[in-house]
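**Student:** Structure below; questions to follow.
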Amino acid sequence: MPGRVECDKLCPEWPCESPEEFKGVWVVAEIVDGELAEASLQMLTPARRIAEKLGEPVTGVILGPPGSARHADELIKRGADEVLVAEHEELSEYYPEVYGEVIARLAAERRPSVILLAATARGREMAPYIANTLRAGITADCTDFEVDEKTRDVLMIRPPFAAIMLAYIRTPFRRPQIGTARPNVFPVPPRDESRTGRVERVVIEPPKPRARLVSRRRLGRRETPIEKADVIVAGGRGLGGPEGFKMLEELASLLGGVVAASRKAVDAGWIEPERQVGLTGKTVKPRLYIAVGISGSAQHMVGVREARRIAAINIDPEAPIVEQADYTVVWDYRELVPALIEELRKLKEEGPRYLEELLKGEVVEIKPGGEA
Ligand SMILES: Cc1cc2nc3c(=O)[nH]c(=O)nc-3n(C[C@H](O)[C@H](O)[C@H](O)COP(=O)(O)OP(=O)(O)OC[C@H]3O[C@@H](n4cnc5c(N)ncnc54)[C@H](O)[C@@H]3O)c2cc1C
């Protein structure tokens with residue numbers, strides 16, 4: 001590994017820092033619609049692990065309007081040792097450059113060694129802003145973190161774009177080391193009522209935003225986002241067109257679930273990008289994931305690693321998903337899905353517990369087109 005001299009040569013514009021002067025692992029906690037984001041709580045899991053290896057504290061960072069400090073206790077009970085709270089009227093509305101600037105200023109002053117953010121829409125905006133302002137290294141969409149015990153660098157682990165291997169990325173000469181992980185990659189740590197910690201309110205004068213939010217309008221239906229869904233019916237290129245998704249909508253609704261998709265279906269414009277699962281989409285953790293007309297590429301499957309059960313409907317018995325699914329039905333979805341819908345409707349009429357029983361693993365025999 002290059003030493004300080006090489007470091008100066010590598011990047012003369014960015015003076016080398018002394019990593020030992022930076023201490024602590026920060027988790028930036030998002031508050032959305034007055035609630036602590038679950039994705040931020042999940043980041044306390046890797047933060048605790050890193051902090052324990054480094055022997056340093058975990059600090060939760062909350063930004064928001066007056067009253068936001070009420071969320072500090074939840075961060076402490078779930079793993080933070082202390083919480084920094086920056087409350088200001090100007091932080092009532094989220095603006096990436098305002099939030100990013102406040103966090104960058106706090107970090108420049110207090111010098112944490114690591115800053116973790118959830119790779120939500122906000123986290124994806126703020127993290128590069130903070131990194132650029134502090135001239136620090138950033139690794140997006142990590143799937144794990146380790147600590148190099150010799151150098152004390154955090155190894156940020158993520159699949160590179162082809163997703164067939166893992167890249168270990170370190171920032172040896174700059175601090176803080178900034179990393180994001182997508183929602184659902186880590187679990188929320190259990191609440192420990194015995195935990196106590198320090199809450200510190202910081203006085204800040206946020207910069208003025210360059211643009212002001214004038215009004216807010218919610219687009220589309222208010223449906224459970226795929227990353228929170230218990231049952232997902234996902235469609236791929238094998239659906240052959242957008243009509244296939246109408247069928248999947250019906251199936252999903254009977255199962256109390258939502259529809260998602262592969263990137264090919266999204267790229268074809270058959271469904272909106274918010275529903276894409278995979279490396280460049282979302283990570284999901286349903287109890288049941290039904291993949292319809294999806295081949296099971298590595299880039300897709302990386303997003304369903306946390307699914308409890310995977311069922312596949314595919315005409316090709318050699319499709320990679322067959323190896324990875326818990327159940328596969330080799331059949332044309334255009335016959336099988338209507339048969340499933342019909343069967344589920346009948347079951348539903350029989351009583352409200354049908355879904356519970358279905359998800360417990362009871363076998364339902366379905367014969368598309370009346371065949372055995
Ligand atoms: C950098 C990078 C990032 C990527 N990120 C993602 C990502 O986030 N998410 C993602 O999904 N992909 C991603 N991809 C693309 C990925 O490599 C695959 O191309 C994609 O997942 C394939 O989508 P698919 O399974 O829908 O289509 P295909 O691979 O074309 O598979 C279609 C399947 O449908 C089956 N089929 C056809 N007709 C029927 C029928 N009538 N009934 C039942 N089955 C049928 C076929 O047998 C086949 O298995 C990424 C690729 C790269 C390079």
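The values are calculated or read from the model by the stated rules, or taken from the named source; none is laboratory data. This is a predicted model, so every value here is computed, not measured. We place every Cβ from the backbone using ideal geometry, glycine too, and count neighbours over all the protein chains shown.
To keep it simple, each residue is scored yes or no on (1) surrounded by fewer than 21 Cβ atoms within 10 Å (Cβ to Cβ); (2) in contact with a Pro (Cβ under 9 Å, 6 or more places away or on another chain); (3) of a type in the set (Val, Ile, Thr); (4) within 23 Å of residue 29 (Cβ to Cβ).
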position: 125; (1), (2), (3), (4): yes, yes, no, yes
position: 130; (1), (2), (3), (4): no, yes, yes, yes
position: 139; (1), (2), (3), (4): no, no, yes, yes
position: 145; (1), (2), (3), (4): no, yes, no, yes
position: 150; (1), (2), (3), (4): yes, no, no, no
position: 160; (1), (2), (3), (4): yes, no, no, no
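**Student:** Looking at the structure I just gave you, is residue 227 of a type in the set (Asp, Glu) and loosely packed, with under 12 Cβ neighbours inside 10 Å? Walk me through how you get there before you give the answer.
**Tutor:** On the way: of a type in the set (Asp, Glu): yes; loosely packed, with under 12 Cβ neighbours inside 10 Å: no.
No, not satisfied.
**Student:** Now for a different question. Quick one: what pairs do we get from the range 65-80, first residue under 25 Å from residue 55 (Cα atoms), second of a type in the set (Ser, Thr, Tyr) and part of a loop (DSSP other than H, G, I, E, B), C-beta under 8 Å, 6+ apart or different chains?
**Tutor:** Listed pairs, sorted by first residue: 76/196.
**Student:** With respect to the numbered conditions (1) under 30 Å from residue 66 (Cβ atoms); (2) polar (S, T, N, Q); (3) under 19 Å from the mean Cα position of the chain (by Cα), which one is the sole condition not fulfilled by residue 132?
**Tutor:** (3)
**Student:** Name the pairs: first residue in the range 122-148 and acidic (Asp, Glu), second residue assigned to a helix (DSSP H, G or I), Cβ to Cβ under 7 Å, at least 6 apart or on different chains?
**Tutor:** These pairs meet every condition: 125/96.
**Student:** For the range 18-33, how many residues meet the condition of being surrounded by 18 or more Cβ atoms within 10 Å (Cβ to Cβ), acidic (Asp, Glu) and more than 19 Å from residue 84 (Cβ to Cβ)?
**Tutor:** Total meeting the criteria: 0.
**Student:** Here are 319, 325: which of them is within 8 Å of the ligand (Cβ to nearest atom) and under 30 Å from residue 183 (Cα atoms)?
**Tutor:** 319
**Student:** Taking the range 224-255 as the region of interest, how many residues are among the basic types (Lys, Arg) and either within 22 Å of residue 316 (Cα to Cα) or within 13 Å of the ligand (Cβ to nearest atom) (or both)? Step through it out loud before you land on a result.
**Tutor:** In the first step, residues of the range 224-255 are kept if they are among the basic types (Lys, Arg); the result is 228, 237, 246.
From the residues that got through so far, the ones that are either within 22 Å of residue 316 (Cα to Cα) or within 13 Å of the ligand (Cβ to nearest atom) (or both) too are 237.
Selection size over the range 224-255: 1.
**Student:** Counting residues that are touching a Pro at 6+ places or on another chain (Cβ under 8 Å) and of a type in the set (A, V, I, L, M, F, W, C), which helices (runs of 4 or more DSSP H) fully inside the range 24-99 reach at least 2?
**Tutor:** By residue number, 38-42, 44-54.
**Student:** So, residue 252, is that one without any contact (Cβ under 8 Å) to a residue 40 or more places away in the chain and within 16 Å of residue 300 (Cβ to Cβ) or not?
**Tutor:** no
**Student:** Can you tell me which residue among 292, 277, 258 is more than 8 Å from the ligand (Cβ to nearest atom), at pLDDT 95 or above and of a type outside the set (Ser, Thr, Tyr)?
**Tutor:** 258
**Student:** Now, a different point. Just checking, does the range 234-252 include any residue being surrounded by 15 or more Cβ atoms within 10 Å (Cβ to Cβ), at pLDDT below 95, of a type outside the set (Lys, Arg) and out of contact with any Leu (no Cβ under 6 Å at 6 or more places or on another chain)?
**Tutor:** No, that holds for no residue.
**Student:** Going through the range 109-121 one residue at a time, which ones are assigned to a helix (DSSP H, G or I) and either touching a residue at least 12 places away in the same chain (Cβ under 8 Å) or closer than 15 Å to residue 51 by Cβ (or both)?
**Tutor:** 110
**Student:** Just to be sure before I move on: is residue 173 at pLDDT below 95, assigned to a loop (DSSP other than H, G, I, E, B), within 16 Å of the ligand (Cβ to nearest atom) and out of contact with any strand residue (DSSP E or B) (no Cβ under 8 Å at 6 or more places or on another chain) in the structure I sent?
**Tutor:** No, not satisfied.
**Student:** Counting just the residues of the range 262-274 that are surrounded by 19 or more Cβ atoms within 10 Å (Cβ to Cβ) and within 23 Å of residue 160 (Cβ to Cβ), which one comes out farthest from the ligand (Cβ to nearest atom)? Before you say what the answer is, go through the steps one by one.
**Tutor:** Let us first name the residues in the range 262-274 that are surrounded by 19 or more Cβ atoms within 10 Å (Cβ to Cβ), namely 262-266, 270-271.
Remaining after also requiring within 23 Å of residue 160 (Cβ to Cβ): 262-264, 266.
Numbers: 262: 3, 263: 3, 264: 4, 266: 8 Å.
Top of the filtered list is 266.
**Student:** If you go through the range 295-309 one residue at a time, how many are under 21 Å from residue 228 (Cα atoms), surrounded by fewer than 21 Cβ atoms within 10 Å (Cβ to Cβ) and in contact with a strand residue (DSSP E or B) (Cβ under 8 Å, 6 or more places away or on another chain)?
**Tutor:** Number satisfying all stated conditions: 2.
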